[in-house]
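Scroll down for the structure; my scribbles are underneath it.
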Amino acid sequence: MAVVEENFKSISPAEFFYKNKEIAGFSNPARALYQTVRELVENSLDATENHGILPTIKVSIRELEVVPEGAYYEVVVEDNGIGIPPKYVPQAFAQLLFSSKYVLRQSRGMFGLGAKMAVLYAQITTGQPAEVIVSPIRSKHVYSFKLKIDIKENKPVVLGFTTTSNILGGHGTIVKLVTIGDWTRSRQRIYEYLKRTAVVAPYAEIVFRDPEGNYLLFERSIEKLPPPAREALPHPHGIDLETMRSILKSISDKPVVEGLVESFQGVGRTTALRILEEARIGVEKRAGELSEPEIETLVRVMKNYRDIKPPRADHLSYLGKEIIVAGLKKIFEPEFATAISRKPSVYEGQAFIVEVGVAYGGKVPVAEKPLILRYANKIPLLYDEGSDVVYKVLDEKKGIDFKVYEVEFPAPLVILTHICSTKIPYRGVGKEAVADVPEIESEIESALREVLRELRSYVLQKRRELEEIEKAVAIAKYIPEVAESLSRMYRVNPQEISVKLLDLLNSRMKSFKIGSLSSIVM
């Protein structure tokens with residue numbers, strides 16, 4: 001029997017995602033159009049708020065040509081961000097897994113894929129290049145690129161490059177793509193994505209033009225930006241063998257004790273010496289001299305060493321109560337809104353922060369269940385709702401009993417949850433649902449119960465006020481009769497008595513913000 005020889009070969013990241021575009025969210029024309037808008041808008045938000053710039057983002061979708069698979073659409077996203085330096089533009093938009101995000105610092109994207117996948121999908125469905133126009137901050141020039149991706153080599157192909165004078169003195173980035181899409185099926189998702197982005201980024205001004213010529217404007221309602229995320233060193237409890245090998249290689253000429261102090265947060269010289277002693281590694285050794293068994297032992301000791309402070313959270317960018325409440329009020333105009341940002345917690349050596357907000361009453365739609373707005377690193381999560389950890393916390397049988405908090409459905413209630421971390425435990429690479437990690441689940445439940453207690457206090461206070469108002473209305477109806485009786489007893493004008501009694505009631509009602517009770521009496 002003949003032996004068939006196997007052919008082995010490697011493929012580039014671009015070729016891998018070309019063949020497996022579904023795992024990056026580009027599974028069909030409808031999902032791809034939504035994903036293109038999402039990825040480009042998130043890039044724009046990161047390019048502004050991370051640098052202290054209040055975002056102004058313009059999004060346009062224009063139908064060009066109908067084809068059997070859907071239609072060709074021109075997608076344009078413009079921002080007022082810092083603008084990418086021109087030397088990095090080809091790689092930033094046409095080389096997969098090239099990014100400025102491969103550091104320990106929170107950002108919306110994690111894998112350096114987003115915009116590149118949008119460019120790749122546009123290229124393989126319409127064959128047209130991406131156009132990227134950048135004007136870096138304080139630059140005297142505007143740089144325009146036409147780009148494609150060399151899929152085999154995962155390299156950018158520059159088809160055109162021009163430079164013009166920056167006459168207006170502005171700064172930012174414009175990305176234009178022609179991609180295949182299905183607006184009819186993606187319309188609702190795109191509108192919902194932009195709405196939910198406006199909730200979590202009320203400091204942004206977003207203008208959207210759809211293929212039908214409709215315009216949507218989300219005005220800026222607050223000028224406060226979230227605190228910027230700063231790059232941080234890894235924490236010993238989140239280390240693994242490959243990360244340790246990479247760190248030791250970069251400091252190979254330094255004493256290992258010095259390298260540990262410089263390379264990890266929470267590790268001072270005393271702690272480093274104790275770790276090396278427990279790992280039975282000589283203090284005099286240099287980082288590059290450690291054997292493989294010594295590296296494995298060092299990693300194990302560091303992961304289990306308890307006398308180290310938890311990870312700091314300055315590499316995270318949380319929203320805070322003021323921004324969350326401003327966003328909820330901007331979109332839903334509720335009668336009550338509140339939020340909480342929990343203190344940093346840790347899972348697998350990674351810091352994370354959970355935030356929860358609620359909006360009640362007003363223009364919030366009345367429904368049989370609360371409207372859930374899920375976010376991870378400020379990104380709205382619209383798909384795979386049922387498999388998200390939030391729904392486990394809200395499970396009617398095992399989770400929150402809303403009746404305890406004076407909420408009975410149908411009710412007008414919105415619940416917003418936000419998780420920020422450099423390591424979000426997504427259920428898949430589509431990044432639409434967060435796994436039920438016990439530490440995160442516990443933090444979400446604690447935060448939710450805390451804001452619901454505030455809601456309960458509001459509902460009870462409102463109920464008491466209504467009872468007081470009902471009492472006042474009942475009393476007001478009898479004022480004419482009481483005034484008439486008193487006037488006969490004391491020979492006083494009954495109208496004067498009615499006015500004084502009404503003044504007493506109205507002064508009591510002022511705190512309830514209702515009108516005068518005079519109309520009830522007259």
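Values quoted throughout were computed directly from the atomic coordinates according to the rules given, and no laboratory measurement underlies them. Just so it is clear, the model here is predicted, and its values are computed rather than measured. Glycine gets a Cβ as well: all are built from the backbone with ideal geometry, and neighbour counts include every protein chain shown.
Listed values, structure above:
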{"quantity": "Region 333-398 - charge dipole about Cα centre, Lys and Arg +1 at Cβ, Asp and Glu -1, debye rounded to 20", "calculated": "180 debye"}
{"quantity": "Whole-Å semi-axes of the ellipsoid equivalent to region 13-218 (Cα gyration tensor, √5λ, descending)", "calculated": "23, 21, 17"}
{"quantity": "Shape call, region 120-185: gyration tensor on alpha carbons, a/c limit 1.5", "calculated": "oblate"}
{"quantity": "Net charge of neighbours whose Cβ lies under 12 Å from the Cβ of A71, counting Lys and Arg as +1 and Asp and Glu as -1", "calculated": "-3"}
{"quantity": "Per-residue Cβ neighbour rank within 10 angstrom, fewest leading, D253, D79", "calculated": "D253, D79"}
{"quantity": "Per residue convex hull volume, Cα atoms of region 261-337, in Å³", "calculated": "151 Å³"}
{"quantity": "Charge dipole (region 41-95, unit charges on Cβ, about Cα centre) - positive-most of P86, N50, V76", "calculated": "P86"}
{"quantity": "Pairwise Lys count, region 125-201 - Cα closer than 28 Å, eight or more residues apart or different chains", "calculated": "8"}
{"quantity": "Kirkwood-type radius of the chain, with distances r between different C-alpha atoms, in Å", "calculated": "27.0 Å"}
{"quantity": "Antiparallel %, DSSP beta bridges [both residues in the chain], to 5", "calculated": "85 percent"}
{"quantity": "Fewest-first sequence of Y88, Y215, Y458 by Cβ atoms within 10 Å of each Cβ", "calculated": "Y215, Y88, Y458"}
{"quantity": "Full-stretch length increase - K403, L233 - with 0.36 nm per residue and alpha-carbon distance subtracted", "calculated": "56.7 nm"}
{"quantity": "Order of H235, H51 - criterion: other Cβ atoms within 10 Å of each residue's Cβ, fewest first", "calculated": "H51, H235"}
{"quantity": "Cα-based Rg and Dmax for region 370-467, where Dmax is the largest Cα-Cα distance (Å)", "calculated": "14.9, 53"}
{"quantity": "Rg/Rh ratio calculated on Cα atoms of region 236-304 (Kirkwood radius)", "calculated": "0.89"}
